[in-house]
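Step one of this worksheet: look at the structure below.
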Amino acid sequence: MIPRELFAKIRRIEIRTKGLVNNVFGGEYHSAFKGRGIEFSEVRSYQFGDDIRTIDWNVTARTGEAFVKIFEEEREQTLLLVVDISGSSDFGSRDKFKREIAAEICAVLGFSAIKNNDKVGLLLFSDQVELFVPPKSGRRHVLRLVRDLFAHKPQSSGTALQSALDHILHVIRRRSIVLLVSDFFDEGEGFERSLRMVSRRHDTVAVHLTDPREQVLPPLGLVTLYDPETNQSRSLDTGSRAVRDTFQQSSTQTHERLKVLFRRARVDYVEIKCGEDFVDPLAKFFRARAQVA
């Protein structure tokens with residue numbers, strides 16, 4: 001039985017998502033993630049100007065008349081939502097936690113996918129694979145995924161992207177769209193090789209959730225910062241300009257290293273800032289992808 005509060009939250013997301021899919025993301029999704037492959041459709045008689053490489057020699061030999069193969073874009077695709085539910089996902093200095101924002105983004109893309117007759121799957125991870133739901137189609141299935149995004153209780157608080165990426169390599173055989181939603185606070189940073197392998201097999205997009213309080217410290221004097229992933233605390237004198245500058249510089253460098261890593265791995269990248277509506281940056285990203293598709 002779904003708790004009433006959770007049911008109401010899922011229902012609100014479904015209502016908002018339906019409007020976004022109909023008015024913003026439905027066509028954008030299709031344009032950005034058009035079928036990359038082609039599949040055989042039928043054969044027809046050879047016509048002047050047809051490429052001789054498309055001749056179906058088996059049918060031609062059997063009938064005594066030249067026939068060519070006709071191919072069409074492979075429409076049905078699979079969207080795999082890969083979502084970080086480590087300890088830092090339950091942080092948000094504005095009105096929503098990262099995990100809530102991730103759920104809304106996944107709902108929008110999930111409903112956009114089924115409108116496009118695609119299948120949708122879900123993989124939740126911390127420093128281990130927490131939950132894997134195989135891809136299926138249909139509204140009820142996407143609602144189940146949204147429920148899992150909110151309701152699943154993580155078994156661990158750490159982050160290990162490599163465990164999620166390696167799992168994808170083992171369970172998703174057919175080329176798919178892999179949407180990796182995380183704040184990418186992975187201390188190991190040993191996931192680049194697995195990320196490269198995933199991006200070679202699948203159309204991979206990194207959605208980077210960032211929060212201003214993880215990038216810039218306000219001058220509040222002596223404060224204790226708590227890391228929900230390692231359960232460690234550290235006191236900092238935020239009244240010191242040098243301390244604040246060092247914190248911001250470290251955050252900026254980490255951010256830039258991540259973008260370089262994604263570029264090297266040929267993974268598309270979009271940043272979503274907590275506290276700001278995700279619609280504009282996501283729609284802008286889709287339009288940019290559609291132009292180069």
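The values are calculated or read from the model by the stated rules, or taken from the named source; none is laboratory data. Quantities reported herein were computed from a predicted structural model and do not represent experimental measurements. FYI the Cβ positions are ideal-geometry reconstructions off the backbone, even for glycines, and counts take in every protein chain you see. Only protein heavy atoms, including side chains, enter the accessible area calculation; ligands, DNA and RNA are left aside. Shrake-Rupley method; radii C 1.70, N 1.55, O 1.52, S 1.80 Å.
Name the single residue that is most open to solvent (accessible area, probe 1.4 Å) among those in segment 264-289 being aromatic (F, W, Y) and in contact with a strand residue (DSSP E or B) (Cβ under 7 Å, 6 or more places away or on another chain). Spell out the reasoning first.
Let us first name the residues in segment 264-289 that are aromatic (F, W, Y), namely 269, 278, 285-286.
After this cut, where a residue has to be in contact with a strand residue (DSSP E or B) (Cβ under 7 Å, 6 or more places away or on another chain) as well, the list is 269, 278, 285.
Values: Y269: 57, F278: 9, F285: 25 Å².
Per the stated criteria, the residue is Y269.
Criterion first (in contact with a Leu (Cβ under 9 Å, 6 or more places away or on another chain), open to solvent by less than 30 Å² (accessible area, probe 1.4 Å) and modelled with pLDDT of 90 or more) does L261 satisfy it? Lay out the reasoning, then the answer.
On the way: in contact with a Leu (Cβ under 9 Å, 6 or more places away or on another chain): yes; open to solvent by less than 30 Å² (accessible area, probe 1.4 Å): yes; modelled with pLDDT of 90 or more: yes.
The answer is yes for L261.
Which residue out of V223, V205, V198, V270 is under 24 Å from D90 (Cβ atoms), touching a helix residue (DSSP H, G or I) at 6+ places or on another chain (Cβ under 7 Å) and of a type outside the set (D, E)? That would be V270, the only listed residue that is under 24 Å from D90 (Cβ atoms), touching a helix residue (DSSP H, G or I) at 6+ places or on another chain (Cβ under 7 Å) and of a type outside the set (D, E). Yes or no: segment 128-135 includes at least one residue that is outside any strand (DSSP E or B), on the phi > 0 side of the Ramachandran plot and in contact (Cβ under 8 Å) with a residue 24 or more places away in the chain. No; the residues of segment 128-135 include none that is outside any strand (DSSP E or B), on the phi > 0 side of the Ramachandran plot and in contact (Cβ under 8 Å) with a residue 24 or more places away in the chain.
Pairs meeting the criteria (first residue in segment 95-124 and in a loop (DSSP other than H, G, I, E, B), second residue among the hydrophobic types (A, V, I, L, M, F, W, C) and crowded, with 22+ Cβ neighbours inside 10 Å, beta carbons under 6 Å, at least 6 apart or on different chains) are D118/L79.
Put simply, of V171, V243, V146, V207 the only residue that is touching a strand residue (DSSP E or B) at 6+ places or on another chain (Cβ under 8 Å) and in contact (Cβ under 8 Å) with a residue 60 or more places away in the chain is V207.
The criterion of at least 2 residues that are touching a Lys or Arg at 6+ places or on another chain (Cβ under 8 Å) is met by the following strands (runs of 3 or more DSSP E) wholly inside segment 204-293: 222-227, 268-273. Pairs linking a residue in segment 80-92 that is touching a residue at least 12 places away in the same chain (Cβ under 8 Å) to a residue that is part of a strand (DSSP E or B) and open to solvent by 10 Å² or more (accessible area, probe 1.4 Å), with Cβ atoms under 7 Å and 6 or more positions apart or on different chains, are L80/P135; I85/E130. The condition (being crowded, with 18+ Cβ neighbours inside 10 Å and among the hydrophobic types (A, V, I, L, M, F, W, C)) is satisfied by just one residue among V171, V120, V133: V120. Residues in segment 60-115 that are closer than 18 Å to V178 by Cα and at pLDDT below 90 were compared, and the one that is surrounded by the fewest Cβ atoms within 10 Å (Cβ to Cβ) is E76. For segment 10-36, taking the residues that are modelled with pLDDT of 80 or more and charged (D, E, K, R), the one that is least open to solvent (accessible area, probe 1.4 Å) is identified as E14.
Look at segment 214-231: where a residue is of a type in the set (A, V, I, L, M, F, W, C) and a partner is part of a loop (DSSP other than H, G, I, E, B), sitting 6+ places away or on another chain with Cβ atoms under 6 Å, you get L217/T238; L220/T238; V223/T238.
Taking the stated definitions as given, is S176 open to solvent by less than 40 Å² (accessible area, probe 1.4 Å) and at pLDDT below 95? Can you show your working first?
Values: open to solvent by less than 40 Å² (accessible area, probe 1.4 Å): yes; at pLDDT below 95: yes.
Taking the combined requirement at face value, the residue satisfies it.
On the stretch given as segment 214-253, residues that are open to solvent by 70 Å² or more (accessible area, probe 1.4 Å), among the basic types (K, R) and under 33 Å from the mean Cα position of the chain (by Cα) total 1.
Every test in (1) charged (D, E, K, R); (2) within 21 Å of T252 (Cα to Cα); (3) open to solvent by 10 Å² or more (accessible area, probe 1.4 Å) is passed by D183 save one, and that test is (3).
If the condition is being charged (D, E, K, R), assigned to a helix (DSSP H, G or I) and more than 22 Å from R16 (Cβ to Cβ), then segment 77-94 contributes no residue at all. In segment 192-200 there is no residue that is out of contact with any strand residue (DSSP E or B) (no Cβ under 9 Å at 6 or more places or on another chain), assigned to a loop (DSSP other than H, G, I, E, B) and over 19 Å from Q128 (Cβ atoms).
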